[in-house]
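Remarks on the structure that follows.
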Amino acid sequence: QTRVAVVDAQNRVDVRLVHLVRLQDHEYLVRDGLSAGERVVVEGQQNAQPGLQVQPQPWTPAPPADGGSEADGGG
């Protein structure tokens, strides 16, 4: 089991135990412990204490390190 911080509708932190299945690199599949649509803290989790009110920001993945390829217009 792994602990993750989630943010509720009042923007307060809660800590959950989840079961993860490792896929590749730093990407994981959550087998159980979360519901669809729940917001998970992906940065600053070490500071996310239960009950703490936070100001969530949407997460956007970083662009590929190679800048894309010519086939997808990134070259």
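The values are calculated or read from the model by the stated rules, or taken from the named source; none is laboratory data. The structure displayed is predicted, hence computed values, not measured ones. So basically every Cβ, Gly included, is an ideal-geometry build from the backbone, and we count neighbours across all protein chains shown. SASA here: full protein model, heavy atoms, side chains in, ligands and nucleic acids out. Shrake-Rupley method; radii C 1.70, N 1.55, O 1.52, S 1.80 Å.
Of 3, 31, which residue is open to solvent by 100 Å² or more (accessible area, probe 1.4 Å), in contact with a His (Cβ under 6 Å, 6 or more places away or on another chain) and at pLDDT 90 or above?
Step by step, each of 3, 31 is checked, and only 31 is open to solvent by 100 Å² or more (accessible area, probe 1.4 Å), in contact with a His (Cβ under 6 Å, 6 or more places away or on another chain) and at pLDDT 90 or above.
Select from the stretch 10-28 the residues that are more than 30 Å from residue 64 (Cβ to Cβ), assigned to a loop (DSSP other than H, G, I, E, B) and open to solvent by 90 Å² or more (accessible area, probe 1.4 Å) and list them in ascending order.
Once the filter is applied, which keeps residues that are more than 30 Å from residue 64 (Cβ to Cβ), assigned to a loop (DSSP other than H, G, I, E, B) and open to solvent by 90 Å² or more (accessible area, probe 1.4 Å), the stretch 10-28 yields only 10.
With the requirement that a residue be of a type in the set (Val, Ile, Thr) and either in contact (Cβ under 8 Å) with a residue 60 or more places away in the chain or in contact with a Gly (Cβ under 8 Å, 6 or more places away or on another chain) (or both), what does the stretch 3-45 give you?
4, 13, 18 - these are the residues of the stretch 3-45 that are of a type in the set (Val, Ile, Thr) and either in contact (Cβ under 8 Å) with a residue 60 or more places away in the chain or in contact with a Gly (Cβ under 8 Å, 6 or more places away or on another chain) (or both).
Tell me the residue from 37, 68 that is modelled with pLDDT under 95, surrounded by 10 or more Cβ atoms within 10 Å (Cβ to Cβ) and not hydrophobic (A, V, I, L, M, F, W, C), please.
Answer to the check: 68.
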